[in-house]
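Reading through the C-alpha cells given below for one structure.
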Amino acid sequence: MLCRLFLGSWIEPELPSAWKTIRDLRNLTIGHPIERGKGHIRRSFLTQISLRDDGFDYQVWHKDTSTLSFERAELTALLTEYAKEAAESLQRLLPVLAAATDYEA
C-alpha cells in the first residue's frame, strides 16, 4: 500500500524474493494450509517438536503424486534477506517522502 500511495503503483519484488517466500510459507504452513499450491493441492503438517528459534520442519503432502516431502523453514536466514529487501524498498520511498515534507513546510 505504501508503494501505491507514494510511488503510484506496486513494485513487484525481484525474484527470488524473500518477501514472496515468507508469504508463501506463511500461507502454506499456518495461514491457509488445507489446499495450497500451483495447479495441485498441497497440505502441510507441523509438529511442535520441530520448532526452534531459527526455524522449523514441516511436511507437505502433494495430492497429485500422493507423496510427502519433508522441508525446513530457515527463518533466521529468510528474515535477514527479507530485511535487506525491505530496506531497499524503503530507500525508494525516502526521496518521495522528503519531497512531500518539503512541500508541506
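Miscellaneous remarks
- Residue within region 45-53 that is at pLDDT below 70 and surrounded by 14 or more Cβ atoms within 10 Å (Cβ to Cβ) present: no
- Number of positions in region 8-32 that are in a loop (DSSP other than H, G, I, E, B), surrounded by 15 or more Cβ atoms within 10 Å (Cβ to Cβ) and modelled with pLDDT of 80 or more: 1
- Of the numbered criteria (1) outside any strand (DSSP E or B); (2) over 30 Å from A100 (Cα atoms); (3) within 18 Å of the chain's Cα centre (by Cα); (4) at pLDDT 80 or above, the one K38 fails is (4).
- Number of the exception - T65 against (1) in a loop (DSSP other than H, G, I, E, B); (2) modelled with pLDDT under 80: (2)
- Of all residues in region 54-89 being in contact with a Phe, Trp or Tyr (Cβ under 6 Å, 6 or more places away or on another chain) and among the aliphatic types (A, V, I, L, M), the one that is surrounded by the most Cβ atoms within 10 Å (Cβ to Cβ): A73
- Residue match in region 71-87 (condition: outside any helix (DSSP H, G or I), at pLDDT 85 or above and of a type in the set (S, T, Y)): no
The values are calculated or read from the model by the stated rules, or taken from the named source; none is laboratory data. In this text the structure is predicted, and so the values were computed from the model without any measurement. Here the Cβ is made from the backbone with ideal geometry for all residues, glycine too, and neighbour counts use every protein chain on show.
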